[in-house]
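The values are calculated or read from the model by the stated rules, or taken from the named source; none is laboratory data. Values in this document were obtained by computation on a predicted structure and should not be read as measured data. Cβ sites come from the backbone with ideal geometry, for glycine too, and all protein chains shown count toward neighbours. Calculation scope for accessible area: heavy atoms of the full protein, side chains included, ligands and nucleic acids excluded. Shrake-Rupley method; radii C 1.70, N 1.55, O 1.52, S 1.80 Å.
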Amino acid sequence: MERIKTAIIDIGSNTIRLVLYKYNKQEGLREFGNIKKVARLRTYIQSNGEMSEKGIQLLADTLISFKRILDDFEVTDIKAAATAAVRQAKNNKEILRRMEEETGISIDLLTEEEEAYFGFVAVAHSMDTPSAVTIDIGGGSTEITFFKNKKLQKTFSFPFGTVSLKQKFVSGDIINEEEKKLLHQYVKKQFEKLEWIQNIRLPIIAIGGSARNVAQIHQHLINYPVSGVHQYEMKSADLFELSSYLGSMTFEQLKQLDGLSSDRADIIGIALEVFRTLMALVDANEFQISKKGLREGLIINRVLQSDSKAFDKYNVYDENAKRMTNKYGRSEEECQMLTSISEQLYKECCRLEYFSYNEKHFDLIKKAAQLYSIGEYIELDSSNQHTFYLIANQSISGMNHVDRVKIALLASYKNKDYFRRFSAPFTSWINREELKALKDYGAILKFVYSLNVSKRNIAKSIKLEKHHDTILVKITTDNIPVAEIYQSERQKKYIERIFKKPVKIQFLKGDTR
């Protein structure tokens with residue numbers, strides 16, 4: 001599949017959402033439209049098990065409005081999927097028939113297993129966590145999966161969600177402490193039916209709107225210094241403190257709370273209690289957020305059916321880095337050259353004992369090399385500021401937030417002053433010793449970047465020779481490096497600070513062996 005433009009309509013128990021996607025091999029998958037309707041379809045299930053006429057009409061009106069939007073965007077490829085609210089309605093066949101007749105949209109009614117599977121697909125292809133338990137709590141159902149080394153092991157769907165749990169346990173607008181205890185007992189008893197999640201001590205990955213809101217609230221509370229919730233991590237203690245904080249607020253206060261969608265003010269406490277119950281049963285200490293869920297799983301699966309190599313769940317970061325560098329005008333050849341020379345220079349520094357080899361640091365250098373100074377795409381004079389912001393504040397699939405900031409610091413390195421300024425908000429994330437190492441690695445990348453100022457990718461190898469009073473840097477090229485000679489002489493002061501010796505640069509043309 002070379003190129004698609006498609007719409008995913010996710011008919012959930014709490015919300016109905018239209019998301020528009022574009023895909024091509026160069027740019028990958030990109031969302032370009034997102035419209036939400038809070039419908040609470042679960043509340044229209046009557047005592048006889050059928051969805052009421054009012055609920056059916058609400059669904060039809062929403063789909064008709066979505067079709068008008070799709071006409072404006074000129075999108076004709078539509079994938080509509082319904083989950084728990086329609087699945088649990090006894091008259092679901094009639095609902096699907098009427099929707100096709102009245103709106104022209106054919107809806108796939110997902111089974112519990114399919115809903116859980118597509119959530120797993122999204123997580124596996126957008127996060128670097130190899131093994132975990134996932135939870136996707138919607139309005140009318142809760143899907144649990146367990147995957148190991150990116151392979152799905154078990155799935156289960158419980159017929160309860162935030163809306164149905166509110167109907168069952170909550171007497172007022174929001175849950176109180178006594179109701180929390182009853183909810184906890186009920187949910188714990190349900191989760192205990194799954195022996196395969198008990199005490200396995202893996203991270204919990206939470207999917208869906210309630211999980212995203214939990215992360216956003218916590219980020220506001222702690223003045224989180226970067227944006228984005230995908231791959232955001234919290235601890236058990238964080239959830240406990242957040243539960244206490246939200247529990248002290250009134251319904252009106254919750255509706256005004258930064259980070260919390262007003263339409264979730266009445267159910268966020270319920271979702272949080274379910275998350276905490278699962279964490280205790282799994283004996284997990286890490287709670288991770290996936291911004292990608294059912295909708296992304298559906299579109300990824302759709303693309304993979306036509307091109308099985310479109311996504312690689314075992315190399316999530318590499319796939320996304322290629323597309324990000326392409327987006328900012330960097331060729332694959334330039335990325336390869338910058339990465340190769342940076343690798344060589346780091347290993348040479350280790351050989352001469354200026355650094356102690358560190359596999360994690362080596363990996364960070366490789367990743368940062370191909371992104372170095374991508375802010376030039378926006379403006380040359382202030383490229384380092386743009387580079388730092390673009391990387392630190394952009395969700396990068398396959399990378400946690402701490403590593404994202406480390407790579408942003410490396411790729412944006414200009415001088416010690418800017419490094420100090422950019423790293424200041426993150427001194428609780430990165431210790432002083434590692435910050436010093438990152439500063440030195442940034443200097444290396446700045447020097448390497450000077451070896452390709454003409455964008456001809458002519459540098460092929462780099463060697464260091466230690467003399468008693470100097471360091472000789474020998475660079476082999478396959479063309480005459482006039483621009484690189486000039487620029488590298490200007491930038492050599494950055495590596496002289498690492499070596500604490502003068503540097504002499506020698507360019508050699510010829511065999512790179």
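Worth a mention:
- Above-threshold pairs, the threshold being 26 Å between Cα atoms, out of K67/K309; K37/K150; K416/K500; K79/K322; K67/K150: K67/K309; K37/K150; K79/K322; K67/K150
- Database remark: amide H of M51 closer than 5 angstrom to the amide H of Q46, K90, N91 (H placed geometrically; neighbours at sequence offset of 5 or more, or on other chains; Pro and chain starts carry no H).
- Packing-based ranking of 305-315, 275-285, 408-418 yields 408-418, 275-285, 305-315, ordered from highest to lowest mean Cβ neighbour count within 10 Å.
- Separation of the E334 and E74 label points, Cα + 7 Å toward Cβ, nm: 3.1 nm
- Note that segment 190-340 presents 42 Å² accessible area per residue, ligands and nucleic acids not counted, probe 1.4 Å.
- The angle between the Cα long axis of helix 177-191 and the longest principal axis of the Cα atoms of the chain comes to about 80 degrees, rounded to the nearest 10.
- Segment 436-504 - accessible surface per residue (Å², probe 1.4 Å): 46 Å²
- Accessible-area composition of the chain, carbon plus sulfur, in percent [1.4 Å probe]: 46 percent
- In Å², nearest 10: area of K466 left accessible to a 1.4 Å probe: 100 Å²
- Rounded tilt (10° steps) of 268-282 against the dominant C-alpha axis of the chain: 70 degrees
- Applying the criteria of a DSSP loop state and at most 14 other Cβ atoms within 10 Å to the chymotrypsin sites (Phe, Trp or Tyr not before Pro) of segment 344-401 yields Y357.
- Estimated FRET transfer efficiency (E192, N431; beta-carbon r; R0 51 Å; 0.05): 0.80
- Positive-end extreme of charge dipole, the chain - chosen from H401, L20, V448 (charges on Cβ): V448
- 5 angstrom amide H check on K154, placed H, neighbours 5+ away: F146
- With all protein chains modelled, accessible area of L371 [1.4 Å, Å²]: 0 Å²
- For segment 89-147 versus segment 390-408, the gap between their alpha-carbon centres in whole angstrom: 29 Å
- Centre-to-centre, using Cα atoms only, segment 243-269 and segment 470-513 are separated by 59 Å.
- In degrees, nearest ten, helix 432-450 long axis to first principal axis of the chain (Cα): 70 degrees
- Sites matching trypsin sites (Lys or Arg not before Pro) across segment 178-221 that sit in DSSP coil, with at most 16 neighbouring C-beta atoms within 10 Å: K193, R201
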